[in-house]
Amino acid sequence: DTEVTQTPKHLVMGMTNKKSLKCEQHMGHRAMYWYKQKAKKPPELMFVYSYEKLSINESVPSRFSPECPNSSLLNLHLHALQPEDSALYLCASSQDRGQGLGYNEQFFGPGTRLTVL
Amino acid sequence: AQSVTQPDIHITVSEGASLELRCNYSYGATPYLFWYVQSPGQGLQLLLKYFSGDTLVQGIKGFEAEFKRSQSSFNLRKPSVHWSDAAEYFCAVVLYNTDKLIFGTGTRLQVFP
C-alpha cells in the first residue's frame, strides 16, 4: 500500500460545529503532516508529527487541533472555524528523517475540501 | 530567507509543443529541489527531485529538470506536451535536515488541442 488516504473528501460545516479530518497511511512512515491550501495558492505547512509527537506547529490558531493516535493515523480536529478557513486540507507522510539522509520524500493524500459557512 | 519563485503564473501551449516551466530559488547553499503536479481538486504528485549529482534529472510522465547552480534555477521541461498534462505545477525546496517544504506560487498549465 503506497498511498495516503483522507476522509472525508468534502466537508461543509457551520462556525459552531465540531468536526474532524482523518488521514491514514500504511507505508510504515513515521512523519506525518497537515497542509492548508487556499484556492490558487501553494500548500502551507500547518503541523508536523514525528514518531507520533508534534514536532512543528506553524503558529496555527487553536481552533485547529491535531492528533496522532498512532503511527498510521493523523487527525485534525476542527472547532469554531471561520469562513476564511475554507480550503483544501492536505495530509502527507514520509519516512523518518534517516541518519545522514537529510530529507525524506513526502507523499500526499488527495485532500479534504472544507467549506465553512 | 529561503524562497522559491515561479515567474510564470499561467502558461498556455498547444498539444505536442515543448514546455519549459521556470523555477528560481534563493538559499545560501544547495537545497533539495522538487517539482510537484496537482490536478484540479487533487493532492500533489511528485514529478522529480534533485538532491545532488547529475544536474539533469529525469522524472515521471516524460518530464525532466535541470539544476543550474549559477542561475539558482531548476526549470522543468517536457519535449512534447499532452492534453493530460494540464494542471498546476509547483516547484519546492526543502532545507537540509528539516521537514519543511517551501513551495513556489505555482504555474497553471493549459493545453490546447
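The values are calculated or read from the model by the stated rules, or taken from the named source; none is laboratory data. Computed from a predicted model, the values in this text were never measured in an experiment. Positions of Cβ are generated from backbone atoms using ideal geometry, with glycine treated the same way; all protein chains shown enter the neighbour counts.
Worth pointing out:
- Of the residues B:LEU46, B:LEU33, B:LEU19, B:LEU56, the single one that is closer than 13 Å to B:ARG77 by Cα and surrounded by 15 or more Cβ atoms within 10 Å (Cβ to Cβ) is B:LEU19.
Residue-wise test of (1) more than 14 Å from chain A (Cβ to nearest Cβ); (2) of a type outside the set (D, E, K, R); (3) part of a strand (DSSP E or B); (4) within 28 Å of A:TYR33 (Cβ to Cβ).
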{"residue": "B:ASP54", "(1), (2), (3), (4)": "yes, no, no, no"}
{"residue": "B:GLU66", "(1), (2), (3), (4)": "yes, no, yes, no"}
{"residue": "B:SER70", "(1), (2), (3), (4)": "yes, yes, no, no"}
{"residue": "B:PHE74", "(1), (2), (3), (4)": "yes, yes, yes, yes"}
{"residue": "B:GLU88", "(1), (2), (3), (4)": "no, no, yes, yes"}
{"residue": "B:CYS91", "(1), (2), (3), (4)": "no, yes, yes, yes"}
{"residue": "B:THR105", "(1), (2), (3), (4)": "no, yes, no, yes"}
{"residue": "B:ARG108", "(1), (2), (3), (4)": "no, no, yes, yes"}
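- Odd one out for B:ALA29 among (1) aliphatic (A, V, I, L, M); (2) away from chain A (no Cβ under 14 Å); (3) not in a strand (DSSP E or B): (2)
- Residue list for the stretch B:72-113, restricted to those being on the phi > 0 side of the Ramachandran plot and touching a Cys at 6+ places or on another chain (Cβ under 9 Å): B:GLY106
- Among the residues of the stretch A:8-31, those that are within 14 Å of chain B (Cβ to nearest Cβ) and closer than 23 Å to A:GLU58 by Cα comprise A:LEU21, A:CYS23, A:GLU24, A:GLN25, A:HIS29, A:ARG30, A:ALA31.
- Residues of the stretch B:14-37 classified as within 20 Å of B:VAL81 (Cβ to Cβ) and in contact with a helix residue (DSSP H, G or I) (Cβ under 9 Å, 6 or more places away or on another chain), total: 3
- Residue check, A:SER72 over 10 Å from the mean Cα position of the chain (by Cα) and either surrounded by 15 or more Cβ atoms within 10 Å (Cβ to Cβ) or within 12 Å of chain B (Cβ to nearest Cβ) (or both): yes
- Flag for B:VAL81 being part of a loop (DSSP other than H, G, I, E, B) and touching a strand residue (DSSP E or B) at 6+ places or on another chain (Cβ under 7 Å): yes
- The stretch A:23-66, residues that are at positive phi and polar (S, T, N, Q): A:SER59
Here's the yes/no breakdown for (1) among the basic types (Lys, Arg); (2) touching a residue at least 60 places away in the same chain (Cβ under 8 Å):
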| residue | (1), (2) |
| --- | --- |
| B:LEU19 | no, yes |
| B:CYS23 | no, yes |
| B:SER39 | no, no |
| B:LYS61 | yes, no |
| B:PHE74 | no, no |
| B:VAL81 | no, yes |
| B:SER84 | no, no |
| B:ALA87 | no, no |
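- Single residue of B:VAL81, B:VAL37, B:VAL94 found to be at pLDDT 95 or above and within 30 Å of A:ASN57 (Cβ to Cβ): B:VAL37
- Residue check, A:LEU117 in contact with a Gly (Cβ under 8 Å, 6 or more places away or on another chain) and surrounded by fewer than 17 Cβ atoms within 10 Å (Cβ to Cβ): yes
- Subset of the stretch A:32-52 (residues that are over 21 Å from B:ILE9 (Cβ atoms), within 11 Å of chain B (Cβ to nearest Cβ) and over 11 Å from the mean Cα position of the chain (by Cα)): A:SER50
- The requirement of being farther than 28 Å from A:VAL4 by Cβ, surrounded by fewer than 17 Cβ atoms within 10 Å (Cβ to Cβ) and basic (Lys, Arg) is not satisfied by B:ARG108.
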